Amino acid sequence: MRRQSKPNAMIGPIGIFDSGYGGLTILREIRKRLPEYDYLYLGDNARAPYGSRSFDVIYDFTLQAVKYLFNRGCSLVILACNTASAKALRTIQQRDLPKIDPSRRVLGVIIPTVEALGGLTQTNHIGVVGTPGTVASRSYTIETAKLYPEIKVTEVACPMWVPLIENGEAFGPGADYFVEKYCRQLMGCDPEIDTLLLGCTHYPLLTEKIRKVIPENVAIIPQGRLVADSLADYLKRHPEIAERCTREGSTKFLTTENTEKFDRIAPLFLNHPVAAERIHLD
Ligand code: DGL
């Protein structure tokens, strides 16, 4: 008999959520890996950055975004934001989803990233840079210890990096000072680090500047490809979710801020023009 979706199952694009533009680095890699699917990207740019906000606020904002994407037909939402993954994902999965719709899924970026860490380091010393919220949660240290107890993780918060990127200053000379400051701090904490994980989806935009100040032998690892590979694997293992994701190869962009600004800055992450729709979250 032909396999059919449940009659009331919601069919729609895969939702990708971030506080702002950073999730576009994840979207870019996911689309390369899984170009056949439809995507609905939501950036809460009006309220970014999330990184220095409290647990309660990040959770409230993230839940609003997830509900909004569900209402637009998404059965699967990826929190393409480490801060939201660290602070809100577990509560949404365990407390909210069973009430809203247990058949839908919300996934984050931290676990898929940590799962891939094992093969990356020779010295077993990894550095993680992230927002104050992600670093305060110690999620990378805690999750890595569960899978790879032999790896020492050093996390450093970079509170100025997301504001610089959200304001279009990632490539300007003003960013140099803060890139050097946090990289030095990290390498000062553990000079044996040979792998630097960019634990914030905004940070790949700073790769060139980071490369200039971090020792040559340290590999810089963005998480986009790791998350994309993990999602491809997830969809293979969960055909009941995959069949609820439409496949026409389209992407739509939503922002809570002015669309002119989004349409100007998003191409820096994607290398193609976009035309976003403005929405309101509450
Ligand atoms: N891209 C988000 C992350 O990965 C940035 C967070 C922020 O808005 O501060 O953590």
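The values are calculated or read from the model by the stated rules, or taken from the named source; none is laboratory data. Just so it is clear, the model here is predicted, and its values are computed rather than measured. Backbone-built Cβ (ideal geometry, glycine too); neighbour counts: all protein chains shown. For the accessible areas, the whole protein counts, side chains as well, though only heavy atoms, and no ligand, DNA or RNA atoms are used. Shrake-Rupley method; radii C 1.70, N 1.55, O 1.52, S 1.80 Å.
Against the chain, whose longest principal axis is taken from its Cα atoms, helix 174-189 shows a tilt of about 70°.
Can you tell me the alpha carbon radius of gyration of the chain divided by the globular rule-of-thumb value 2.2 N^0.38 Å?
Here the Cα radius of gyration is 0.98 times the empirical estimate.
A straight Cα-to-Cα reach below 20 Å connects residue 87 with the aspartates and glutamates 18, 44, 56, 60, 96, 115, 143, 155, 282, residues fewer than 8 places away in its own chain not being considered.
Based on Cα contacts under 8 Å between residues 6+ apart, the chain shows a relative contact order of 28 percent. Heavy-atom surface analysis with a 1.4 Å probe gives the chain a carbon and sulfur content of 50 percent of its accessible area. Distance between the modelled labels on residue 232 and residue 55, one decimal in nanometres: 3.7 nm (7 Å Cα→Cβ projection). Can you tell me the 0 to 90 degree angle between the C-alpha axis of helix 23-33 and the longest principal axis of the chain, rounded to 10? Tilt relative to the chain: about 70 degrees. Cross-link partners for residue 212 among the lysines, with Cα-Cα distance under 27 Å and sequence neighbours closer than 8 places in the same chain left out: 152, 181.
Straightening the chain between residue 176 and residue 217 buys 12.7 nm, computed as 0.36 nm per residue apart minus the Cα-Cα spacing. Using only Cα atoms, tell me the angle between helix 224-237 and the longest principal axis of the chain; keep it within 0 to 90° and round to the nearest 10. Once rounded, the angle reads 30 degrees.
Peptides 210-217, 24-31, 102-109, ordered by how many other C-beta atoms sit within 10 Å of their residues on average, highest first, read 24-31, 102-109, 210-217.
Principal axis extents of the Cα atoms in segment 170-250, from largest to smallest and rounded to whole angstrom, are 48, 30, 16. Based on Cα atoms of segment 1-156, Rg over Rh with Rh as the Kirkwood radius reads 1.00. The residues of the chain expose, per residue, 45 Å² of accessible area to a 1.4 Å probe.
With the convex hull drawn over the C-alpha atoms of segment 102-169, the volume per residue is 135 Å³.
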